[in-house]
Amino acid sequence: MKLNIGCGVDYREGFINIDGSSEVKTDKLIDISNESLTDHFEENSVEYIMSSDIIEHHFHWEAIQILKGFYCILQRGGTLDIRVPNCDYIINAHLPTETKLTLLFGGQDIPQGVDPTMDESRKKYPQYFCHKYGWTEDRLKHDLTLIGYNRLEFKNKNTNVLCRGIK
């Protein structure tokens, strides 16, 4: 079983697509800010979890609980792929201040002009577009290691940190 957590408009075939918004196509409507995935999936039942641009929308202590929940439902040898904004890059890049602020704190309720559907969703659910914690490769490495993930691999893609952790 493969999960796409916080799928938003990125619905993927072959995955169980999960999001907290009823405005997007999902297979399961779960607000991971308020519900644990362990209430919906058995321990050691998931082979792969993709979590793109969702962890930063939680306070650090909430993110740790979510990452622990991911670990609990992953099978031994299961893979967690995470994408978060790369705060090291964003802070040090030669970018306009407004761009840095949007990348660091999320678009929040401010229309971005890229996708009208997403702009409408921002107005209706601004809480899903706020970044509540800034992640770096070092912080992810530290926290994921403490939870129990091993064989961590990182790829820094300018504004994003891509991390793969194996249980």
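The values are calculated or read from the model by the stated rules, or taken from the named source; none is laboratory data. Predicted, not measured: the structure shown is a model, and the values here were computed from it. So basically every Cβ, Gly included, is an ideal-geometry build from the backbone, and we count neighbours across all protein chains shown. Heads up: the accessible areas ignore ligands, DNA and RNA and are worked out on the full protein's heavy atoms, side chains in. Shrake-Rupley method; radii C 1.70, N 1.55, O 1.52, S 1.80 Å.
All conditions in (1) more than 26 Å from Lys155 (Cβ to Cβ); (2) part of a strand (DSSP E or B) hold for Leu3, with the sole exception of (1). Identify all residues within the range 30-53 that are out of contact with any strand residue (DSSP E or B) (no Cβ under 7 Å at 6 or more places or on another chain) and under 24 Å from Asp115 (Cα atoms); write none if there are none. Answer for the range 30-53, where residues must be out of contact with any strand residue (DSSP E or B) (no Cβ under 7 Å at 6 or more places or on another chain) and under 24 Å from Asp115 (Cα atoms): just Asp31. A count restricted to the range 75-90 and to residues that are out of contact with any strand residue (DSSP E or B) (no Cβ under 6 Å at 6 or more places or on another chain) and open to solvent by less than 10 Å² (accessible area, probe 1.4 Å) stands at 1. Which ones in the range 109-131 are more than 12 Å from Val9 (Cβ to Cβ), among the polar types (S, T, N, Q) and open to solvent by less than 90 Å² (accessible area, probe 1.4 Å)? Hit for the range 109-131 is Gln112, nothing else. The C-beta contact set for the range 129-150 (first residue modelled with pLDDT under 95, second residue of a type in the set (Lys, Arg), distance under 6 angstrom, 6+ apart or interchain) comprises Phe129/Arg122.
What residue, of Ser51, Ser36, is open to solvent by 20 Å² or more (accessible area, probe 1.4 Å) and under 21 Å from Ile166 (Cα atoms)? So the residue among Ser51, Ser36 that is open to solvent by 20 Å² or more (accessible area, probe 1.4 Å) and under 21 Å from Ile166 (Cα atoms) is Ser36.
The set of residues from the range 17-72 being in contact (Cβ under 8 Å) with a residue 60 or more places away in the chain and of a type in the set (Lys, Arg) comprises just one member, Lys68.
Checking each residue in the range 54-74 for being under 13 Å from the mean Cα position of the chain (by Cα), surrounded by 14 or more Cβ atoms within 10 Å (Cβ to Cβ) and hydrophobic (A, V, I, L, M, F, W, C) picks out Ile54, Ile55, Ala63, Ile64, Ile66, Leu67, Phe70.
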